[in-house]
Amino acid sequence: MVGGTRSVPVLITGCSSGIGRAAAISLHAAGLTVYATARQVDALAGLARQGIHTLALDVTDEASTMEAVTAVEEAAGPVGVLVNNAGYGLYGPVEQLPMDEIRRQFETNFFGLVRLTQLVLPGMRRRGRGRILNVSSMGGRITLPGGAFYHASKYAVEALSDALRMEVAQFGIDVVLIEPGPVKTPWNDVAAASLSTATPTGAGGGPGDGSPGDSDSGPGGSAADGDPYATYKAAVGASFPRPRLRLYDAPPVRAPSLTIDGPSPGLYRLERGGGNRSRTISLGSC
Ligand SMILES: NC(=O)c1ccc[n+]([C@@H]2O[C@H](COP(=O)([O-])OP(=O)(O)OC[C@H]3O[C@@H](n4cnc5c(N)ncnc54)[C@H](OP(=O)(O)O)[C@@H]3O)[C@@H](O)[C@H]2O)c1
């Protein structure tokens, strides 16, 4: 089948790479009318060549979200399916991440999703049906070292989705949570790079900022080395290897339990619950 044989429009965020891009291609191949979006519309040229509709959409930009939803509605009617996929991982110690980075994490992973949901719901109610798919993560159920704000944003997506599902079922609208485990996409690179935004003075400093002369070094390191979280961050950074699993062949991951063996690189381990097998898993791959 080719895109467009089923005319109800599907709007997907974050299609420049990874899961969003794969979803756009797959749903188009299944005959749906797909509107793939990304911050940089140039990044969607390959999808456009396949006949997929493309639009610019930055989920943190109010005007951009409104323009995208309006464009779809004018061209194809109310959005039938919204896939809230755009997101990334911000990693680093709570104490050290700058507030503007923390806000950006929530603006992208949570508030952008909320706003798009608000914008498509009136059309879905008018049609008397619709489906909203929120891409959370297995990290919306468990928390791993270094990912306080990524996990918090995904936990927020989970709570919102569960409440919203109860609110809109009466209108024939379904809310679906997608909770992927590790998938080989650029996500890992973005998460690993975000660690560099965590610096001893990154959050604006303070009495325990690790600056020379600071005697409040705490158990995580010494003031002399300038960064009391140096060892912890090295461990988190070392936990971002490339996942061995590729998109499409990742097996389902059962709810895991986390074992922390120590603050050394590579010693954080996820164990599958209920079994005697354990496998090392990238902390950043959720
Ligand atoms: N990969 C995994 O292991 C994994 C596991 C569980 C959950 N997830 C979740 O799956 C979703 C997709 O991730 P992925 O693995 O496919 O990673 P990805 O390839 O890095 O894709 C992330 C997408 O989000 C987009 N994005 C970021 N900020 C945006 C913004 N402000 N407005 C619009 N788009 C924005 C990126 O666009 P740009 O190119 O413009 O940055 C990119 O298209 C995310 O929500 C992620 O948390 C991933």
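If you go through the stretch 118-146 one residue at a time, how many are within 25 Å of PRO180 (Cβ to Cβ) and either within 14 Å of the ligand (Cβ to nearest atom) or not small (Gly, Ala, Ser) (or both)?
First pass over the stretch 118-146, keeping only residues within 25 Å of PRO180 (Cβ to Cβ): 118-121, 124, 130-146.
Adding the requirement that they be either within 14 Å of the ligand (Cβ to nearest atom) or not small (Gly, Ala, Ser) (or both) leaves 118-121, 124, 131-145.
Residues in the stretch 118-146 being within 25 Å of PRO180 (Cβ to Cβ) and either within 14 Å of the ligand (Cβ to nearest atom) or not small (Gly, Ala, Ser) (or both): 20 in total.
Could you tell me which of the residues ARG103, ARG115 is closer than 23 Å to LEU57 by Cβ, within 16 Å of the ligand (Cβ to nearest atom), free of Cβ contacts under 8 Å to residues at least 24 places away in the same chain and not aromatic (Phe, Trp, Tyr)?
Details: ARG115 fails: free of Cβ contacts under 8 Å to residues at least 24 places away in the same chain.
ARG103 is the lone residue from the list that is closer than 23 Å to LEU57 by Cβ, within 16 Å of the ligand (Cβ to nearest atom), free of Cβ contacts under 8 Å to residues at least 24 places away in the same chain and not aromatic (Phe, Trp, Tyr).
Would you mind stating whether VAL34 is free of Cβ contacts under 8 Å to residues at least 40 places away in the same chain and within 15 Å of the ligand (Cβ to nearest atom)? Outline the logic, then answer.
Values: free of Cβ contacts under 8 Å to residues at least 40 places away in the same chain: yes; within 15 Å of the ligand (Cβ to nearest atom): yes.
Considered against the rule, which asks whether it is free of Cβ contacts under 8 Å to residues at least 40 places away in the same chain and within 15 Å of the ligand (Cβ to nearest atom), VAL34 comes out as yes.
Of all residues in the stretch 83-95, how many are surrounded by fewer than 24 Cβ atoms within 10 Å (Cβ to Cβ) and more than 14 Å from the ligand (Cβ to nearest atom)?
So the count comes out to 3.
I'd like the residue in the stretch 1-31 that is more than 8 Å from the ligand (Cβ to nearest atom) and within 27 Å of PHE111 (Cβ to Cβ) and, out of all such residues, is surrounded by the fewest Cβ atoms within 10 Å (Cβ to Cβ). If you could, list the steps in order and put the result at the bottom.
As a first pass, look at the stretch 1-31 and keep what is more than 8 Å from the ligand (Cβ to nearest atom): 1-12, 23-31.
With within 27 Å of PHE111 (Cβ to Cβ) added as a condition, the list becomes 8-12, 23-24, 27.
Numbers: VAL8: 16, PRO9: 23, VAL10: 27, LEU11: 27, ILE12: 27, ALA23: 22, ALA24: 29, LEU27: 20.
Taking the candidates together, the pick is VAL8.
Just name the residue that is farthest from the ligand (Cβ to nearest atom) out of those in the stretch 168-182 that are part of a strand (DSSP E or B) and out of contact with any Ser or Thr (no Cβ under 9 Å at 6 or more places or on another chain). Walk me through it before giving the result.
Residues of the stretch 168-182 part of a strand (DSSP E or B): 173-178.
After this cut, where a residue has to be out of contact with any Ser or Thr (no Cβ under 9 Å at 6 or more places or on another chain) as well, the list is 173-174.
On the way: ILE173: 21, ASP174: 19 Å.
Only one residue tops the list, namely ILE173.
Of the residues GLY147, GLY130, which is crowded, with 19+ Cβ neighbours inside 10 Å, modelled with pLDDT of 95 or more and touching a strand residue (DSSP E or B) at 6+ places or on another chain (Cβ under 9 Å)?
Details: GLY147 fails: touching a strand residue (DSSP E or B) at 6+ places or on another chain (Cβ under 9 Å).
The match here is GLY130.
Please count how many residues of the stretch 60-82 are hydroxyl-bearing (Ser, Thr, Tyr), away from the ligand (no atom under 13 Å from the Cβ) and within 22 Å of the chain's Cα centre (by Cα). Please lay out each step first, then the result.
Going through the stretch 60-82, the residues hydroxyl-bearing (Ser, Thr, Tyr) turn out to be 60, 64-65, 70.
If we keep only those that are away from the ligand (no atom under 13 Å from the Cβ) as well, we get 70.
Okay, now just the ones that are also within 22 Å of the chain's Cα centre (by Cα), so none.
Selection size over the stretch 60-82: 0.
The values are calculated or read from the model by the stated rules, or taken from the named source; none is laboratory data. Worth saying up front: this structure is predicted, and the values here are computed from it rather than measured. Because the Cβ atoms are built from the backbone with ideal geometry, glycine has one as well, and the counts that use them run over all protein chains shown.
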